[in-house]
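Any read-out appearing in this document is the output of simple, stated calculations on the displayed coordinates, not a laboratory observation. The model shown is predicted, which means the values in this text are computed figures rather than measured ones. Ideal geometry is used to build each Cβ from the backbone, glycine not excepted, and the neighbour counts take in all protein chains shown.
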Amino acid sequence: MQYDPDYEPKMPVGAVRGDIRRQDYCPMCHVPRYYYVDEPRTCVQCGEAFTFGAAEQKHWYETLQFFADSIAIRCLDCRKQQRGKVAITRQLVAALAAQARSPDDPACLIEVAEARVRYREAHGTGALDSGLAAARRAQKFWPDQPRAIFWEGRLQELAGRPVKARACYQRFLDAYSGQRGLQPQRRHAEEFLASE
Ligand SMILES: [Zn+2]
């Protein structure tokens, strides 16, 4: 089957012209897109209706050259969230690789503990024990390290052990002396201690 790349069918109102030379499709299985129209869709993740817009489709199939079968199944918000999840997974994989190379480096251990927390927060699943072990091991090499203590507390909290979490957050606040970049953690610890 041959498609004429210069064919210009009459387009519906609001449609965007397609350039089939730029599209990746199989002429046996697909009809190339001579034009794009807004497509109403339902997000597989949140169930909300969204529009897979004509201009966005042209970007997918001609600029990014996604294969003709690809189609938006998530709304924009869920796609952003999904990208965030992918980044968090990469962060965990990188932290575990760094820990494997330098098992006694407290900075690497703290990275693993934090990455385990972020992963659980984003995905709702994932092991916490190896994060806890990493946070404790980091404190063995680097006692009173507020970052390590905080992530131990957060992991205890996620594991459903509020008493242990409280003890960690208290130790964290005692060890904290205004270190940069730990303000959100301080706020979290204070709120947790005030809440129970
Ligand atoms: Zn959605």
Separation between Cα centres of the stretch 123-196 and the stretch 18-83, rounded to whole Å = 43 Å
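At 0.36 nm per residue, and after removing the present C-alpha to C-alpha distance, how many nm does the segment from Val163 to Ser70 gain when stretched out fully? Walk me through the numbers on the way to the answer.
On the way: separation 93, 0.36 × 93 = 33.48 nm, distance 4.87 nm.
Gain on extension, Val163 to Ser70, equals 28.6 nm.
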With a Förster radius of 45 Å, plug the Cβ-Cβ distance of Asp129 and Glu39 into 1/(1 + (r/R0)^6) and report the FRET value to the nearest 0.05.
-> 0.50
Between the modelled labels at Thr89 and Lys10 (7 Å from Cα along Cα→Cβ) the distance in nm is 4.7 nm
